[in-house]
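Some notes on the structure that comes next.
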Amino acid sequence: MIEISHVSKSYGQLTVLHDVTLSIPEGEIMAIVGPSGAGKTTLLQIAGTLDMPDSGSVLFDGVDVLKLKDKKLSEFRNRNIGFVFQFHQLLPEFSALENVAIPAFIAGRKKKEAMDEARRLLETLGMGDRLTHKPAQLSGGEKQRTAIARALINQPRVVFADEPTGSLDSRNRDEIQAIIANLRDELRQTFVMVTHDPAMASIADRTVTMTDGRLIESESAVEGQPSAEAEE
């Protein structure tokens, strides 16, 4: 579904990504692991069209989306990509229900349709009794469930998650881990997540290891063997 080809990125004299090539298949969970400063989050942001590489391309179904004009790229991102961040990034003045519905409003969906879908997602994720609560009234795990519902509201092709359990305790971490695994199993939702958490990486269909801005290993959970991309 997604082909990241020969992507490089520098900030001043610091090269963060070195000629990275990676395929992201549909309907799988991919974990990107490695030490801090390895370039994981930068790769995730470029794959999610939040940042631009210095060179290389990001193709969705053969289309180089980084060549789209700003408005078209924003529309593409809104309809095809969901994001879950370590610190949820919920808007504090809005309820959980409203936070989840916002991407649907941006996509031009009718208010009732958007709110109904937001309610359904939150109820599915065990948040049915917290719909009107604002982020300050939610626990860390509840905030992250709300963030996952928001990421799913427009039925994206892929969800990018940056340390989705990094700020959670072990109980909430296990709950979020189970939610992501269930979404893959039941909906074939594609997830790409950066994580330092071995428990989260353990649910992935494929684990990609990075260091010093390079992809050094890509291993399938099924085959248990490095792929052809391991030396990219």
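The values are calculated or read from the model by the stated rules, or taken from the named source; none is laboratory data. Remember, it's a predicted structure, so these values are computed and weren't measured experimentally. Cβ coordinates were reconstructed from backbone atoms using ideal geometry, including for glycine residues, and neighbour counts include every protein chain displayed. Surface accessibility is based on the protein's heavy atoms, side chains included, excluding ligands, DNA and RNA. Shrake-Rupley method; radii C 1.70, N 1.55, O 1.52, S 1.80 Å.
Of all residue pairs spaced 6 or more apart or on separate chains, those with beta-carbon atoms under 9 Å, a first member in segment 153-171 that is farther than 29 Å from D116 by Cα and a second member that is open to solvent by 20 Å² or more (accessible area, probe 1.4 Å) and polar (S, T, N, Q) are G166/Q86; S167/Q86.
Considering only segment 61-102, how many residues are in a loop (DSSP other than H, G, I, E, B), of a type in the set (F, W, Y) and under 20 Å from the mean Cα position of the chain (by Cα)? Give the derivation first.
Keep residues of segment 61-102 that are in a loop (DSSP other than H, G, I, E, B), which gives 61-62, 68-69, 85-95.
Filter once more, keeping what is of a type in the set (F, W, Y): 85, 87, 94.
With under 20 Å from the mean Cα position of the chain (by Cα) added as a condition, the list becomes 85, 87.
Residues that pass the stated criteria total 2.
Starting from residues that are under 20 Å from A161 (Cβ atoms) and of a type in the set (F, W, Y), keep the ones in segment 79-102 and report whichever is most open to solvent (accessible area, probe 1.4 Å). The residue in question is F87. Residue under question is M52, and the condition is that it be assigned to a loop (DSSP other than H, G, I, E, B) and either closer than 20 Å to Q189 by Cβ or without any contact (Cβ under 8 Å) to a residue 60 or more places away in the chain (or both); does it hold? Considered against the rule, which asks whether it is assigned to a loop (DSSP other than H, G, I, E, B) and either closer than 20 Å to Q189 by Cβ or without any contact (Cβ under 8 Å) to a residue 60 or more places away in the chain (or both), M52 comes out as yes. When segment 1-15 is limited to residues that are surrounded by fewer than 21 Cβ atoms within 10 Å (Cβ to Cβ) and part of a strand (DSSP E or B), the one that is farthest from the chain's Cα centre (by Cα) turns out to be L14.
Of the listed requirements (1) assigned to a loop (DSSP other than H, G, I, E, B); (2) open to solvent by less than 30 Å² (accessible area, probe 1.4 Å), I46 misses just one: (1). Filtering segment 103-119 to residues that are part of a loop (DSSP other than H, G, I, E, B) and either of a type in the set (A, V, I, L, M, F, W, C) or open to solvent by less than 40 Å² (accessible area, probe 1.4 Å) (or both) leaves only A107.
Would you mind stating whether L122 is farther than 26 Å from D61 by Cβ, part of a helix (DSSP H, G or I) and open to solvent by less than 40 Å² (accessible area, probe 1.4 Å)?
Numbers: farther than 26 Å from D61 by Cβ: yes; part of a helix (DSSP H, G or I): yes; open to solvent by less than 40 Å² (accessible area, probe 1.4 Å): yes.
Criteria met by L122.
Kindly indicate whether any position in segment 60-67 is hydrophobic (A, V, I, L, M, F, W, C) and either exposed (fewer than 14 other Cβ atoms within 10 Å of the Cβ) or within 30 Å of G140 (Cα to Cα) (or both). For segment 60-67, residues hydrophobic (A, V, I, L, M, F, W, C) and either exposed (fewer than 14 other Cβ atoms within 10 Å of the Cβ) or within 30 Å of G140 (Cα to Cα) (or both): present.
Taken as a whole, segment 152-159 holds at least one residue that is at pLDDT 90 or above, on the phi < 0 side of the Ramachandran plot, in contact with a Ser or Thr (Cβ under 7 Å, 6 or more places away or on another chain) and surrounded by fewer than 20 Cβ atoms within 10 Å (Cβ to Cβ).
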